[in-house]
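Some notes on the structure that comes next.
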Amino acid sequence: MKKRSLLALAVSAALLLSACGQELPPVPEELTGWAAERANDALEDLGGVVSNALDELKEAEYQGGPFENNLESARAYLLKQLQEKYGMEFTVVGHEDLENYGPFAGASYSCQVAPAGAPEQVTTALVSQSMYRDVRDGYAVYFFKEEAEAPVLALCQSKEYVLDQRISLEMPETDRTWTPEDGLDAYLSESGAYVWLVLRLEDGLELRDYAEQLLDFLNSLEGLNCNLLLQARANKAYLIHLEVQLLDGFDASAFTVEELEEDVELCLSMGSPR
């Protein structure tokens, strides 16, 4: 008799005995092993079907999007959006990525762009077939970069323990159209922009020396009108990584030398931030 028939008979007998109040005999090991194998095979088959269905769903096309699911169409749409937004021609300068997220979310396209007449003004831009039909980018930093960074540079140059600095105005990508006429104060308070500042300090100092220098620097930030992402480096390593929300009531008195010394020690133990 085949195994399938044997298993059916065993199950039927078990059910009859159970109904009559009889103790169930053990199922032969051969049959339980065979049943487990068949169940496992069925689960593997089901998993393959589900995986294939998900792959097919992801590859399905979004219907009615503003551009087709290919680089040429997506690139042309994004560049047209940028020209309408800023009144100037842009070109793609690198890092193109087109990802399809299926028939509901559609494809998203991102790349690095720059104005045709200013190739050094590089920013990232993004559009999608569904949620982000209006281009999202961070080009507005170039309208306010010099004015926003100048006070930060002046502060760094006033501190003898700051050997060098790297300063960069950053902002999240947005579909809002910023113009120079909006003004620096409105831009800094409403756009989510911040100044990324990396201080270069002297190598070979004690942790407490670095903590004292950082505390002095934090106590000198009151006159700045921007949020900061503050980092400091020495000995080819990062000493601190701190988000300073100057526009939201930052209070330097909340810091002590002891706490900053512990932060520096912890930062050194964790390695460079990603």
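So which residues in segment 170-193 are assigned to a strand (DSSP E or B) and either basic (Lys, Arg) or touching a residue at least 40 places away in the same chain (Cβ under 8 Å) (or both)? Residue satisfying the conditions is Glu170 alone. State the number of residues belonging to segment 109-118 that are surrounded by 15 or more Cβ atoms within 10 Å (Cβ to Cβ) and farther than 22 Å from Asn70 by Cα. Within segment 109-118, residues that are surrounded by 15 or more Cβ atoms within 10 Å (Cβ to Cβ) and farther than 22 Å from Asn70 by Cα number 1.
For segment 86-107, a tally of residues being closer than 20 Å to Met171 by Cβ and open to solvent by less than 30 Å² (accessible area, probe 1.4 Å) returns 2. Scanning segment 73-84 for residues that are of a type in the set (D, E, K, R) and surrounded by fewer than 19 Cβ atoms within 10 Å (Cβ to Cβ) yields Lys80, Glu84.
The residues in segment 228-274 that are among the aromatic types (Phe, Trp, Tyr), at pLDDT 95 or above and part of a loop (DSSP other than H, G, I, E, B) can be counted, and the count is 1. Residue count for segment 83-100 satisfying the condition of being touching a Lys or Arg at 6+ places or on another chain (Cβ under 7 Å) and aromatic (Phe, Trp, Tyr): 0.
A Cβ distance below 9 Å, combined with a sequence gap of six or more or placement on separate chains, defines the contacts here; from segment 250-264, residues that are more than 11 Å from Ile240 (Cβ to Cβ) reach residues that are of a type outside the set (Gly, Ala, Ser) and at pLDDT below 95 in the pairs Phe250/Glu222; Ala252/Glu222.
Selection of segment 198-227 for residues being part of a helix (DSSP H, G or I) and either charged (D, E, K, R) or within 28 Å of Glu170 (Cα to Cα) (or both) yields Arg208, Asp209, Tyr210, Ala211, Glu212, Gln213, Leu214, Leu215, Asp216, Phe217, Leu218.
Here is the figure for segment 119-152: residues that are under 19 Å from Thr177 (Cβ atoms), surrounded by fewer than 16 Cβ atoms within 10 Å (Cβ to Cβ) and without any contact (Cβ under 8 Å) to a residue 24 or more places away in the chain total 1. Scoring Asp45 on the criteria (1) at pLDDT 95 or above; (2) at negative phi leaves a single failure, condition (1).
The values are calculated or read from the model by the stated rules, or taken from the named source; none is laboratory data. Predicted model only: the values in this text are computed from it and were never measured. In this analysis, Cβ positions are derived from the backbone assuming ideal geometry, glycine residues included, and neighbour counts consider all displayed protein chains. All accessible areas refer to the heavy atoms of the entire protein, side chains included, with ligands and DNA or RNA removed. Shrake-Rupley method; radii C 1.70, N 1.55, O 1.52, S 1.80 Å.
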